[in-house]
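The values are calculated or read from the model by the stated rules, or taken from the named source; none is laboratory data. For clarity, every value in this text was computed on a predicted model and none was experimentally measured. With ideal geometry, Cβ positions are generated from the backbone for all residues, glycine too; neighbour counts draw on all protein chains shown. To get the accessible areas, we keep the full protein, side chains included, count just its heavy atoms, and leave off ligands, DNA and RNA. Shrake-Rupley method; radii C 1.70, N 1.55, O 1.52, S 1.80 Å.
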Amino acid sequence: MDRMSAMDAGFFYVEDENVPMHVGSVLVFDGPAPSYGDVVRLFAAKLGTVPRYRQRVKALPLHLGWPVWVDDEHFQILYHVRHTAVPSPGADDQLRNLAGRLFAQGLDMTKPLWEVWLVEGLEGGRWAIICKVHHCLIDGIAGSDLMQVLLDRRADTPLPEPVEWQPEPTPSTVDLVLEGVRDAVSTPVKQLARFPALARRLRSGSEVLDIGRSVLDSLPTTARRLVTTTPKTLNGPIGPHRRWLWAKANLSEIKTVRTVTGGTVNDVILAAVTRGFRDLLAKRDELADGQVVRSMVPVSTRSSAERGVLNNRFGAVLVNLPVSEPDPLARLASIREQMDDLKRSGQATGADVLAGLANFAAPALLELGSRTAMRLPQQLLQTITTNVPGPRIPLFLLGRRLTETYPYVPISGNMRVSVGIFSYLDQITFGINADFDSVPDVQVLADGIRAGFDELVTAT
(Lines give C-alpha, C1' and ligand atoms only; values in the text may rest on other atoms or scores of the structure.)
Protein backbone atom coordinates (compact mmCIF):
# COMPACT_ATOMS: atom_id res chain seq x y z
CA MET A 1 0.00 0.00 0.00
CA ASP A 2 1.50 3.33 -1.12
CA ARG A 3 0.34 6.78 -0.17
CA MET A 4 0.27 9.72 -2.56
CA SER A 5 2.69 12.61 -2.38
CA ALA A 6 1.26 16.07 -1.79
CA MET A 7 1.64 16.94 -5.48
CA ASP A 8 -0.14 13.77 -6.62
CA ALA A 9 -2.89 14.33 -4.04
CA GLY A 10 -3.36 17.91 -5.24
CA PHE A 11 -4.28 16.64 -8.73
CA PHE A 12 -6.66 14.11 -7.17
CA TYR A 13 -8.38 16.69 -4.97
CA VAL A 14 -9.21 19.21 -7.72
CA GLU A 15 -11.13 16.72 -9.88
CA ASP A 16 -14.77 17.70 -10.42
CA GLU A 17 -17.46 17.51 -13.12
CA ASN A 18 -16.02 20.47 -15.05
CA VAL A 19 -12.34 19.74 -14.37
CA PRO A 20 -11.44 16.15 -15.26
CA MET A 21 -7.76 15.96 -14.33
CA HIS A 22 -6.48 13.22 -16.61
CA VAL A 23 -3.72 13.51 -19.17
CA GLY A 24 -3.99 11.60 -22.41
CA SER A 25 -2.75 10.89 -25.90
CA VAL A 26 -3.89 9.67 -29.28
CA LEU A 27 -1.57 7.12 -30.89
CA VAL A 28 -2.01 6.46 -34.61
CA PHE A 29 -0.72 3.24 -36.16
CA ASP A 30 -0.32 1.77 -39.62
CA GLY A 31 -2.85 -0.93 -40.46
CA PRO A 32 -4.30 -3.39 -40.41
CA ALA A 33 -6.03 -2.94 -37.08
CA PRO A 34 -5.61 -5.76 -34.56
CA SER A 35 -8.60 -7.48 -33.05
CA TYR A 36 -10.04 -6.16 -29.82
CA GLY A 37 -9.21 -9.46 -28.16
CA ASP A 38 -5.53 -9.14 -29.13
CA VAL A 39 -5.37 -5.63 -27.63
CA VAL A 40 -6.97 -6.88 -24.40
CA ARG A 41 -4.50 -9.76 -24.19
CA LEU A 42 -1.59 -7.37 -24.82
CA PHE A 43 -2.53 -5.09 -21.95
CA ALA A 44 -3.31 -8.02 -19.68
CA ALA A 45 0.16 -9.42 -20.36
CA LYS A 46 1.94 -6.12 -19.70
CA LEU A 47 0.07 -4.96 -16.59
CA GLY A 48 2.59 -6.80 -14.45
CA THR A 49 5.13 -4.08 -15.29
CA VAL A 50 2.77 -1.31 -14.14
CA PRO A 51 1.04 -2.59 -10.98
CA ARG A 52 -0.51 0.83 -10.35
CA TYR A 53 -2.88 0.09 -13.25
CA ARG A 54 -4.62 -2.48 -11.03
CA GLN A 55 -4.90 -0.16 -8.06
CA ARG A 56 -7.55 2.38 -7.10
CA VAL A 57 -7.43 5.42 -4.84
CA LYS A 58 -8.84 5.19 -1.33
CA ALA A 59 -9.33 8.55 0.36
CA LEU A 60 -9.48 8.74 4.13
CA PRO A 61 -12.48 10.11 6.04
CA LEU A 62 -12.20 13.86 6.61
CA HIS A 63 -8.85 13.67 4.77
CA LEU A 64 -7.10 12.65 7.99
CA GLY A 65 -4.25 11.30 5.89
CA TRP A 66 -3.03 11.28 2.32
CA PRO A 67 -4.98 9.18 -0.23
CA VAL A 68 -3.50 5.72 -0.66
CA TRP A 69 -3.25 3.24 -3.52
CA VAL A 70 -4.88 -0.13 -2.82
CA ASP A 71 -5.39 -3.16 -5.05
CA ASP A 72 -8.77 -3.21 -6.79
CA GLU A 73 -10.29 -6.51 -5.66
CA HIS A 74 -12.84 -6.28 -8.51
CA PHE A 75 -10.40 -5.31 -11.27
CA GLN A 76 -11.75 -6.17 -14.72
CA ILE A 77 -9.55 -5.32 -17.70
CA LEU A 78 -12.51 -5.29 -20.08
CA TYR A 79 -13.77 -2.19 -18.27
CA HIS A 80 -10.52 -0.32 -18.97
CA VAL A 81 -9.73 -1.52 -22.51
CA ARG A 82 -12.58 -0.48 -24.80
CA HIS A 83 -13.47 -0.69 -28.47
CA THR A 84 -15.02 1.82 -30.87
CA ALA A 85 -14.82 2.96 -34.50
CA VAL A 86 -15.40 5.98 -36.70
CA PRO A 87 -17.39 5.68 -39.96
CA SER A 88 -14.97 4.44 -42.59
CA PRO A 89 -13.02 6.01 -44.16
CA GLY A 90 -12.48 8.10 -41.03
CA ALA A 91 -10.67 11.41 -41.54
CA ASP A 92 -8.52 13.23 -38.99
CA ASP A 93 -11.44 15.49 -38.03
CA GLN A 94 -13.53 12.49 -37.03
CA LEU A 95 -10.73 11.10 -34.87
CA ARG A 96 -10.15 14.49 -33.23
CA ASN A 97 -13.85 14.96 -32.49
CA LEU A 98 -14.11 11.48 -31.00
CA ALA A 99 -11.02 12.06 -28.88
CA GLY A 100 -12.34 15.43 -27.69
CA ARG A 101 -15.58 13.82 -26.49
CA LEU A 102 -13.73 11.02 -24.71
CA PHE A 103 -11.20 13.36 -23.11
CA ALA A 104 -14.04 15.52 -21.76
CA GLN A 105 -15.45 12.58 -19.82
CA GLY A 106 -14.01 12.08 -16.36
CA LEU A 107 -12.58 8.76 -15.25
CA ASP A 108 -14.47 6.62 -12.74
CA MET A 109 -12.73 7.68 -9.52
CA THR A 110 -13.76 4.44 -7.76
CA LYS A 111 -11.70 2.29 -10.15
CA PRO A 112 -8.08 2.25 -11.40
CA LEU A 113 -7.64 5.63 -13.05
CA TRP A 114 -7.02 4.80 -16.71
CA GLU A 115 -8.82 3.93 -19.94
CA VAL A 116 -7.68 2.79 -23.38
CA TRP A 117 -9.86 2.90 -26.50
CA LEU A 118 -9.11 0.93 -29.67
CA VAL A 119 -10.39 3.02 -32.61
CA GLU A 120 -10.93 1.41 -36.02
CA GLY A 121 -12.09 2.81 -39.35
CA LEU A 122 -9.41 5.43 -40.11
CA GLU A 123 -8.64 6.12 -43.76
CA GLY A 124 -5.67 4.35 -45.30
CA GLY A 125 -6.30 1.25 -43.17
CA ARG A 126 -4.92 3.05 -40.10
CA TRP A 127 -6.19 2.69 -36.53
CA ALA A 128 -5.61 4.47 -33.23
CA ILE A 129 -5.38 4.06 -29.49
CA ILE A 130 -6.83 6.80 -27.25
CA CYS A 131 -5.31 6.75 -23.76
CA LYS A 132 -6.48 8.48 -20.57
CA VAL A 133 -4.53 8.37 -17.27
CA HIS A 134 -5.26 10.53 -14.25
CA HIS A 135 -2.69 13.24 -13.48
CA CYS A 136 -2.38 11.99 -9.88
CA LEU A 137 -0.76 8.89 -11.40
CA ILE A 138 1.75 10.37 -13.87
CA ASP A 139 3.30 13.55 -15.21
CA GLY A 140 4.55 14.00 -18.77
CA ILE A 141 7.92 12.29 -18.37
CA ALA A 142 6.39 9.37 -16.47
CA GLY A 143 3.77 9.10 -19.23
CA SER A 144 6.47 8.94 -21.89
CA ASP A 145 8.27 6.24 -19.89
CA LEU A 146 5.01 4.32 -19.55
CA MET A 147 4.37 4.46 -23.29
CA GLN A 148 7.73 2.84 -23.92
CA VAL A 149 6.85 0.06 -21.47
CA LEU A 150 3.55 -0.74 -23.18
CA LEU A 151 4.93 -0.47 -26.73
CA ASP A 152 7.73 -2.50 -28.27
CA ARG A 153 10.98 -1.51 -29.98
CA ARG A 154 10.72 -4.32 -32.54
CA ALA A 155 7.83 -5.36 -34.74
CA ASP A 156 8.47 -9.04 -34.03
CA THR A 157 8.57 -8.80 -30.23
CA PRO A 158 6.73 -11.84 -28.84
CA LEU A 159 3.79 -11.21 -26.54
CA PRO A 160 4.80 -11.84 -22.91
CA GLU A 161 2.93 -14.48 -20.99
CA PRO A 162 0.41 -13.02 -18.54
CA VAL A 163 1.41 -13.35 -14.88
CA GLU A 164 -1.08 -14.60 -12.35
CA TRP A 165 -2.21 -11.75 -10.11
CA GLN A 166 -4.00 -11.83 -6.80
CA PRO A 167 -5.07 -8.56 -5.17
CA GLU A 168 -3.89 -7.75 -1.69
CA PRO A 169 -6.78 -7.32 0.78
CA THR A 170 -7.81 -3.69 1.25
CA PRO A 171 -6.79 -2.40 4.69
CA SER A 172 -9.62 -1.41 6.98
CA THR A 173 -10.61 2.24 7.21
CA VAL A 174 -9.55 2.24 10.89
CA ASP A 175 -6.08 0.99 9.99
CA LEU A 176 -5.78 3.57 7.20
CA VAL A 177 -6.81 6.40 9.51
CA LEU A 178 -4.29 5.31 12.13
CA GLU A 179 -1.61 5.08 9.45
CA GLY A 180 -2.64 8.51 8.16
CA VAL A 181 -2.27 10.04 11.59
CA ARG A 182 1.17 8.46 11.94
CA ASP A 183 2.10 9.87 8.53
CA ALA A 184 0.91 13.32 9.58
CA VAL A 185 3.43 13.20 12.41
CA SER A 186 6.30 11.40 10.68
CA THR A 187 6.23 13.02 7.23
CA PRO A 188 7.44 16.48 8.34
CA VAL A 189 10.28 14.75 10.20
CA LYS A 190 11.21 12.76 7.08
CA GLN A 191 11.09 15.93 4.99
CA LEU A 192 13.37 17.73 7.42
CA ALA A 193 15.75 14.79 7.30
CA ARG A 194 16.17 15.35 3.55
CA PHE A 195 17.73 18.78 4.01
CA PRO A 196 21.14 17.55 5.24
CA ALA A 197 21.34 15.27 2.18
CA LEU A 198 20.51 18.25 -0.03
CA ALA A 199 23.19 20.29 1.68
CA ARG A 200 25.75 17.56 1.11
CA ARG A 201 25.04 17.62 -2.64
CA LEU A 202 26.04 21.27 -2.81
CA ARG A 203 29.71 21.75 -3.57
CA SER A 204 30.38 24.56 -1.10
CA GLY A 205 28.86 27.27 1.04
CA SER A 206 29.56 29.75 -1.75
CA GLU A 207 27.33 27.72 -4.06
CA VAL A 208 24.42 28.17 -1.65
CA LEU A 209 25.06 31.92 -1.69
CA ASP A 210 25.27 31.94 -5.49
CA ILE A 211 21.91 30.17 -5.80
CA GLY A 212 20.29 32.57 -3.35
CA ARG A 213 21.84 35.57 -5.08
CA SER A 214 20.59 34.37 -8.49
CA VAL A 215 17.05 34.02 -7.20
CA LEU A 216 17.12 37.44 -5.53
CA ASP A 217 18.63 39.10 -8.59
CA SER A 218 15.86 37.67 -10.76
CA LEU A 219 13.02 38.96 -8.58
CA PRO A 220 12.76 42.47 -10.14
CA THR A 221 12.65 40.98 -13.64
CA THR A 222 10.08 38.42 -12.52
CA ALA A 223 7.95 41.12 -10.91
CA ARG A 224 7.98 43.16 -14.13
CA ARG A 225 6.86 40.09 -16.10
CA LEU A 226 3.95 39.51 -13.75
CA VAL A 227 2.46 43.00 -14.15
CA THR A 228 2.47 43.07 -17.95
CA THR A 229 -0.97 43.44 -19.55
CA THR A 230 -2.72 40.18 -20.43
CA PRO A 231 -5.90 39.48 -22.45
CA LYS A 232 -9.18 38.95 -20.61
CA THR A 233 -10.99 36.31 -22.67
CA LEU A 234 -8.49 33.49 -22.10
CA ASN A 235 -9.50 33.32 -18.43
CA GLY A 236 -12.88 32.55 -16.93
CA PRO A 237 -15.24 29.75 -15.95
CA ILE A 238 -15.12 26.53 -17.95
CA GLY A 239 -17.78 23.94 -18.69
CA PRO A 240 -17.73 20.14 -19.00
CA HIS A 241 -17.10 19.89 -22.77
CA ARG A 242 -13.85 20.19 -24.74
CA ARG A 243 -12.61 21.07 -28.20
CA TRP A 244 -9.37 19.26 -28.98
CA LEU A 245 -7.25 19.89 -32.08
CA TRP A 246 -3.70 19.24 -33.15
CA ALA A 247 -0.86 20.79 -35.12
CA LYS A 248 2.44 19.38 -36.41
CA ALA A 249 6.01 20.44 -37.07
CA ASN A 250 9.23 18.70 -38.07
CA LEU A 251 12.27 18.71 -35.83
CA SER A 252 14.43 19.51 -38.87
CA GLU A 253 12.71 22.87 -39.47
CA ILE A 254 13.02 23.77 -35.80
CA LYS A 255 16.74 22.97 -35.88
CA THR A 256 17.10 25.11 -39.01
CA VAL A 257 15.75 28.09 -37.09
CA ARG A 258 17.82 27.32 -33.99
CA THR A 259 21.03 27.08 -36.03
CA VAL A 260 20.58 30.70 -37.13
CA THR A 261 19.12 32.23 -33.96
CA GLY A 262 20.65 30.12 -31.19
CA GLY A 263 18.68 29.08 -28.14
CA THR A 264 16.88 25.79 -27.71
CA VAL A 265 14.28 23.72 -29.53
CA ASN A 266 11.82 24.66 -26.79
CA ASP A 267 12.43 28.39 -27.42
CA VAL A 268 11.47 27.95 -31.08
CA ILE A 269 8.39 25.93 -30.14
CA LEU A 270 7.21 28.62 -27.70
CA ALA A 271 7.74 31.28 -30.38
CA ALA A 272 5.44 29.36 -32.74
CA VAL A 273 2.83 28.99 -29.96
CA THR A 274 3.09 32.76 -29.47
CA ARG A 275 2.12 33.29 -33.11
CA GLY A 276 -0.90 31.06 -32.55
CA PHE A 277 -2.14 33.13 -29.61
CA ARG A 278 -1.37 36.35 -31.52
CA ASP A 279 -3.63 35.21 -34.36
CA LEU A 280 -6.36 34.16 -31.92
CA LEU A 281 -6.40 37.52 -30.14
CA ALA A 282 -6.21 39.45 -33.41
CA LYS A 283 -9.22 37.51 -34.70
CA ARG A 284 -11.07 38.47 -31.52
CA ASP A 285 -10.01 42.12 -31.95
CA GLU A 286 -8.37 41.90 -28.52
CA LEU A 287 -4.70 42.35 -29.46
CA ALA A 288 -3.12 45.39 -27.78
CA ASP A 289 0.32 47.01 -27.62
CA GLY A 290 2.60 45.60 -24.93
CA GLN A 291 0.28 42.67 -24.34
CA VAL A 292 1.49 39.15 -23.41
CA VAL A 293 -0.07 35.74 -22.85
CA ARG A 294 1.47 34.36 -19.67
CA SER A 295 2.11 30.63 -19.76
CA MET A 296 3.10 28.17 -17.11
CA VAL A 297 5.87 25.97 -18.52
CA PRO A 298 6.44 22.79 -16.47
CA VAL A 299 10.07 21.73 -16.10
CA SER A 300 10.90 18.15 -15.11
CA THR A 301 12.97 17.78 -11.94
CA ARG A 302 13.00 13.99 -12.22
CA SER A 303 16.43 12.45 -11.71
CA SER A 304 17.72 9.57 -13.84
CA ALA A 305 17.11 7.24 -10.88
CA GLU A 306 13.43 8.22 -10.90
CA ARG A 307 12.77 7.35 -14.55
CA GLY A 308 9.93 4.87 -14.80
CA VAL A 309 8.44 5.81 -11.42
CA LEU A 310 4.75 6.64 -11.77
CA ASN A 311 4.23 9.94 -9.98
CA ASN A 312 4.54 13.70 -10.53
CA ARG A 313 7.94 15.34 -10.22
CA PHE A 314 8.29 18.76 -11.80
CA GLY A 315 8.71 22.45 -11.14
CA ALA A 316 7.44 25.25 -13.34
CA VAL A 317 8.39 28.67 -14.68
CA LEU A 318 6.20 31.51 -15.92
CA VAL A 319 6.95 32.83 -19.41
CA ASN A 320 5.42 35.85 -21.11
CA LEU A 321 4.56 35.01 -24.71
CA PRO A 322 5.03 38.38 -26.50
CA VAL A 323 1.88 38.27 -28.65
CA SER A 324 1.90 42.02 -29.37
CA GLU A 325 5.30 41.82 -31.14
CA PRO A 326 4.79 41.64 -34.95
CA ASP A 327 8.35 40.47 -35.78
CA PRO A 328 8.73 36.66 -35.41
CA LEU A 329 12.47 36.87 -34.72
CA ALA A 330 11.93 39.52 -32.05
CA ARG A 331 9.33 37.26 -30.43
CA LEU A 332 11.82 34.40 -30.43
CA ALA A 333 14.56 36.63 -28.98
CA SER A 334 12.24 37.72 -26.15
CA ILE A 335 11.40 34.14 -25.25
CA ARG A 336 15.03 33.07 -25.42
CA GLU A 337 16.05 35.92 -23.10
CA GLN A 338 13.35 34.99 -20.59
CA MET A 339 14.24 31.30 -20.61
CA ASP A 340 17.95 32.02 -20.18
CA ASP A 341 17.13 34.27 -17.23
CA LEU A 342 14.88 31.64 -15.66
CA LYS A 343 17.57 28.95 -16.02
CA ARG A 344 20.15 31.19 -14.36
CA SER A 345 17.83 31.99 -11.48
CA GLY A 346 16.98 28.35 -10.74
CA GLN A 347 13.30 29.20 -10.35
CA ALA A 348 12.12 25.81 -11.65
CA THR A 349 14.12 24.04 -8.95
CA GLY A 350 12.76 26.47 -6.40
CA ALA A 351 9.21 25.68 -7.50
CA ASP A 352 9.91 21.96 -7.01
CA VAL A 353 11.19 22.66 -3.49
CA LEU A 354 8.06 24.68 -2.72
CA ALA A 355 5.91 21.82 -4.01
CA GLY A 356 7.81 19.49 -1.71
CA LEU A 357 6.99 21.73 1.23
CA ALA A 358 3.33 20.88 0.65
CA ASN A 359 4.15 17.53 2.26
CA PHE A 360 4.29 19.44 5.55
CA ALA A 361 0.64 20.50 5.16
CA ALA A 362 -2.29 18.63 6.63
CA PRO A 363 -4.09 16.69 3.85
CA ALA A 364 -7.44 18.30 4.79
CA LEU A 365 -5.92 21.76 4.36
CA LEU A 366 -4.32 20.82 1.04
CA GLU A 367 -7.66 19.47 -0.21
CA LEU A 368 -9.45 22.67 0.76
CA GLY A 369 -6.68 24.88 -0.61
CA SER A 370 -6.43 22.99 -3.93
CA ARG A 371 -10.16 23.18 -4.62
CA THR A 372 -10.38 26.82 -3.61
CA ALA A 373 -7.39 27.86 -5.72
CA MET A 374 -8.83 26.19 -8.81
CA ARG A 375 -12.11 28.08 -8.50
CA LEU A 376 -10.91 31.59 -7.72
CA PRO A 377 -10.88 34.07 -10.64
CA GLN A 378 -7.33 34.87 -11.74
CA GLN A 379 -5.55 36.71 -14.56
CA LEU A 380 -1.98 35.71 -13.66
CA LEU A 381 -1.88 32.73 -16.06
CA GLN A 382 -3.66 32.35 -19.39
CA THR A 383 -2.39 28.95 -20.50
CA ILE A 384 -0.05 26.06 -19.87
CA THR A 385 2.44 24.84 -22.48
CA THR A 386 4.09 21.58 -21.56
CA ASN A 387 6.76 20.00 -23.77
CA VAL A 388 7.60 16.33 -23.25
CA PRO A 389 10.46 14.78 -25.24
CA GLY A 390 9.44 11.38 -26.55
CA PRO A 391 11.35 8.46 -28.05
CA ARG A 392 13.51 9.00 -31.12
CA ILE A 393 13.21 5.36 -32.16
CA PRO A 394 10.22 3.70 -33.87
CA LEU A 395 7.81 1.87 -31.58
CA PHE A 396 5.35 -0.92 -32.33
CA LEU A 397 2.17 -2.39 -30.90
CA LEU A 398 1.28 -5.95 -31.91
CA GLY A 399 3.67 -5.60 -34.85
CA ARG A 400 2.08 -2.37 -36.15
CA ARG A 401 4.27 0.72 -36.36
CA LEU A 402 3.36 3.83 -34.36
CA THR A 403 3.31 6.71 -36.86
CA GLU A 404 2.00 9.70 -34.87
CA THR A 405 1.18 10.61 -31.28
CA TYR A 406 -0.74 13.65 -30.03
CA PRO A 407 -0.88 14.78 -26.38
CA TYR A 408 -3.81 15.92 -24.26
CA VAL A 409 -3.28 18.24 -21.26
CA PRO A 410 -6.23 19.18 -18.99
CA ILE A 411 -7.43 22.73 -18.41
CA SER A 412 -8.14 24.05 -14.93
CA GLY A 413 -7.66 27.07 -12.69
CA ASN A 414 -9.75 29.45 -14.83
CA MET A 415 -7.50 28.78 -17.83
CA ARG A 416 -9.53 27.98 -20.93
CA VAL A 417 -6.74 26.69 -23.20
CA SER A 418 -3.79 24.33 -22.78
CA VAL A 419 -1.12 23.27 -25.26
CA GLY A 420 0.53 19.87 -24.93
CA ILE A 421 3.69 19.23 -26.99
CA PHE A 422 5.26 15.84 -27.69
CA SER A 423 8.09 14.62 -29.89
CA TYR A 424 8.35 11.23 -31.56
CA LEU A 425 11.01 10.36 -34.12
CA ASP A 426 11.52 13.65 -36.03
CA GLN A 427 8.00 14.99 -35.54
CA ILE A 428 6.75 17.53 -32.99
CA THR A 429 3.01 17.38 -32.33
CA PHE A 430 0.72 19.78 -30.49
CA GLY A 431 -2.50 18.84 -28.72
CA ILE A 432 -4.58 21.99 -28.17
CA ASN A 433 -7.29 21.57 -25.54
CA ALA A 434 -9.95 24.23 -25.06
CA ASP A 435 -13.24 24.79 -23.28
CA PHE A 436 -15.98 24.03 -25.81
CA ASP A 437 -18.24 27.00 -25.09
CA SER A 438 -15.77 29.84 -24.50
CA VAL A 439 -13.18 28.97 -27.20
CA PRO A 440 -15.17 28.13 -30.36
CA ASP A 441 -12.34 29.63 -32.44
CA VAL A 442 -9.58 27.28 -31.23
CA GLN A 443 -8.85 26.30 -34.86
CA VAL A 444 -7.34 29.78 -35.30
CA LEU A 445 -4.84 28.96 -32.57
CA ALA A 446 -3.94 25.60 -34.12
CA ASP A 447 -3.48 27.13 -37.58
CA GLY A 448 -1.47 29.97 -36.08
CA ILE A 449 1.00 27.59 -34.45
CA ARG A 450 1.69 25.97 -37.82
CA ALA A 451 2.01 29.43 -39.41
CA GLY A 452 4.48 30.34 -36.66
CA PHE A 453 6.94 27.70 -37.82
CA ASP A 454 6.51 28.68 -41.45
CA GLU A 455 7.30 32.34 -40.76
CA LEU A 456 10.33 31.50 -38.60
CA VAL A 457 11.79 29.27 -41.30
CA THR A 458 11.19 32.03 -43.88
CA ALA A 459 12.71 34.68 -41.62
CA THR A 460 15.90 32.68 -41.07
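So the values come out like this:
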| quantity | calculated |
| --- | --- |
| Heavy-atom accessible surface of the range 50-173: percent carbon and sulfur, 1.4 Å | 53 percent |
| Rotationally averaged projected area of the range 370-460 (alpha carbon convex hull; nm²) | 8.8 nm² |
| 1.4 Å probe accessible area per residue over the range 1-72, in Å² | 33 Å² |
| Within the accessible area of the range 374-460 (1.4 Å probe), percent carbon and sulfur | 60 percent |
| Cα Rg over Rh - the range 388-433, Kirkwood | 1.10 |
| Solvent-accessible area per residue, Å², over the range 392-460 with all protein chains present [probe radius 1.4 Å] | 30 Å² |
| Neighbour net charge for Pro169 - beta-carbon separation under 10 angstrom, K R +1, D E -1 | -3 |
| Under-5 Å amide H pairs with Phe436, H placed in peptide plane, nonlocal only | Gly239, His241, Arg242, Arg243 |
| Karplus (6.51, -1.76, 1.60) ³J(HN,Hα), θ = phi - 60°, over the range 261-272, in Hz, Gly and Pro reported as x | 9, x, x, 10, 4, 5, 4, 5, 4, 5, 5, 5 |
